[in-house]
Amino acid sequence: MAKQTRSNDWGFPRWRSYGDKGRTAAKIRLCDREGCSEVGDRPAPKAPNSRERWMFCEPHAAEYNRNWNYFAGLSPEEAARRAADEETDAKGFRQSAQWKWAGPGDGTRTRDEMRALDALELESDADFAAVKSAHRRLVKETHPDANPGNEEAAKRFKQVQAAYDVLRKAEDRKNGKAA
């Protein structure tokens, strides 16, 4: 029979994470901000295009990012040249704009708005005039007075009304009107 050995996971309090081997205390890095004793687990660049990183706690990383200036220390000519270089590198992504991808991914419409457009049988790039037109058409087709006793038409009418309300409120928000 094999000799029993002592487990590495004994004792309380546990000074290291589960699965670490050895009996030494786990090493953690403290925040690089002067006077802070929180865990520094959020990397932040020390300079543009530098591999060196500060290690901050979450609040200090947020503060650092708010105040970050990519063009700090550069002359206006150097800053313009660097901005032009970045613009050149990003042009490849702009080529996809011709496909007019729309939806929640491009940030112009919420998921609810996209569902509302589907309910009104419209494309994702439809303007509000098209929304009004589709709403009028579908209300005429599905109104309970035009389809007495038809439960499916009543259900579809409610769906069309809800979709129009979502899109109308989004249009009002976009135009700065109170909803």
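The values are calculated or read from the model by the stated rules, or taken from the named source; none is laboratory data. This one's a predicted model, so the numbers in the text were calculated from it and none came from an experiment. Cβ coordinates were reconstructed from backbone atoms using ideal geometry, including for glycine residues, and neighbour counts include every protein chain displayed. Accessible surface areas use protein heavy atoms only, side chains included; no ligands, DNA or RNA. Shrake-Rupley method; radii C 1.70, N 1.55, O 1.52, S 1.80 Å.
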Next item on the list: Keeping to segment 116-159, report how many residues are under 19 Å from Glu171 (Cα atoms) and either surrounded by 13 or more Cβ atoms within 10 Å (Cβ to Cβ) or small (Gly, Ala, Ser) (or both).
Entry: 17
Notebook entry, point to check: Name the pairs whose Cβ atoms lie under 8 Å apart, with the first residue in segment 150-179 and β-branched (Val, Ile, Thr), the second part of a loop (DSSP other than H, G, I, E, B), and 6 or more positions between them or separate chains?
Noted result: Val160/Leu120
Check: Cβ-Cβ below 8 Å, separation at least six or inter-chain, first residue in segment 31-53 and within 16 Å of Asn65 (Cβ to Cβ), second in a loop (DSSP other than H, G, I, E, B) and of a type in the set (Ser, Thr, Tyr): which pairs?
Finding: Cys31/Ser37; Pro48/Tyr70
Next item on the list: Among what's in segment 51-78 and is of a type in the set (A, V, I, L, M) and assigned to a loop (DSSP other than H, G, I, E, B), pick the residue that is surrounded by the fewest Cβ atoms within 10 Å (Cβ to Cβ).
Entry: Ala72
Next item on the list: Evaluate the following for Glu87: is it at pLDDT 60 or above, in contact with a Phe, Trp or Tyr (Cβ under 9 Å, 6 or more places away or on another chain) and surrounded by 10 or more Cβ atoms within 10 Å (Cβ to Cβ)?
Entry: no
Next item on the list: Out of Gly92, Gly40, Gly103, report the one residue that is open to solvent by less than 60 Å² (accessible area, probe 1.4 Å) and modelled with pLDDT of 90 or more.
Entry: Gly40
